[in-house]
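Have a look at the structure below before the remarks.
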Amino acid sequence: MKMVTRWLMVLMLPLLMAGAACAQEYTDGKEYLSLKAPQPTSSGDKIEVLEVFYYGCPHCYRLEPELEGWLNSLPDDVAFIRMPAVFDPSWEPLAKAYYTAELLGVTDKLHTALFNAIHKDKRKIRDVASLQKIFLEQGVSASEFTEAFNSFDVNAVKLPRAKQMAGKPPNKYGITGVPTIIVNGKYSTSATQAGSNQNIIRVMDYLIAAERAALAATSAQ
């Protein structure tokens, strides 16, 4: 029975690849790039989609509605992760703010609040006190914020990894701007490459389908 299943997968592979292409074919080096060195993922057997972003970036802010709409129908075999970029030491406080919210389990509230504070309300987020104020407004106590913001997990684990993977170029993901999407540790795309925020989503879906087909082919061997 196992042998029959394998042969069925082999026969279905061309159809799977056609599905990956969808109605649009995208080109490596144009709408997306293959990473020079594929990077490990942290999503187990799921296809990982990772957004590298910066709260101070207006392009990242404008991409949010597109991503949120896409996340409403996230496939079961796909995991979505965010990683703050740290291209400059001045970006570290906002990167720490993201990981602080993540550690406290309030990312759903704080992620939007931080973007809106900077781009919609035009607030100047220049120091820890101004960051703490936003957390307080979202129901996080001063002691909870301080403990998480200064925690080992944020400062010795999460932030160093972000600086390694998406820090000042050259970095592990080979990116030079934000927002950038990394698919399964193998491919990157951005609005500059894809042509628009809407096309980022289309290219993401294309790469996800291609990865799904490749995984199916591997499991059939």
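The values are calculated or read from the model by the stated rules, or taken from the named source; none is laboratory data. All values reported here derive from a predicted model rather than from experimental measurement. Cβ: placed from backbone, ideal geometry, glycine included. Neighbour counts: every protein chain shown.
Quick notes
- The residue list Lys124, Lys109 contains one member that is over 25 Å from Phe152 (Cβ atoms) and basic (Lys, Arg), which is Lys124.
- Top-ranked residue of segment 192-216 - restricted to ones that are aliphatic (A, V, I, L, M) and either more than 22 Å from Ala37 (Cα to Cα) or touching a Gly at 6+ places or on another chain (Cβ under 8 Å) (or both), ranked as surrounded by the fewest Cβ atoms within 10 Å (Cβ to Cβ): Ala216
- Members of segment 82-119 found to be out of contact with any helix residue (DSSP H, G or I) (no Cβ under 9 Å at 6 or more places or on another chain), farther than 26 Å from Ser141 by Cα and touching a residue at least 12 places away in the same chain (Cβ under 8 Å), listed by number: Asp88
- The criterion of at least 3 residues that are buried (at least 16 other Cβ atoms within 10 Å of the Cβ), among the aliphatic types (A, V, I, L, M) and at pLDDT 95 or above is met, among helices (runs of 4 or more DSSP H) falling completely within segment 78-178, by 92-104, 107-115, 159-166.
- When each of Glu25, Glu64, Glu31, Glu51 is tested for being loosely packed, with under 13 Cβ neighbours inside 10 Å and either more than 15 Å from the chain's Cα centre (by Cα) or modelled with pLDDT of 95 or more (or both), the lone residue that passes is Glu25.
- Yes/no for Ser188 being of a type in the set (S, T, N, Q), assigned to a helix (DSSP H, G or I) and either in contact (Cβ under 8 Å) with a residue 60 or more places away in the chain or out of contact with any strand residue (DSSP E or B) (no Cβ under 9 Å at 6 or more places or on another chain) (or both): no
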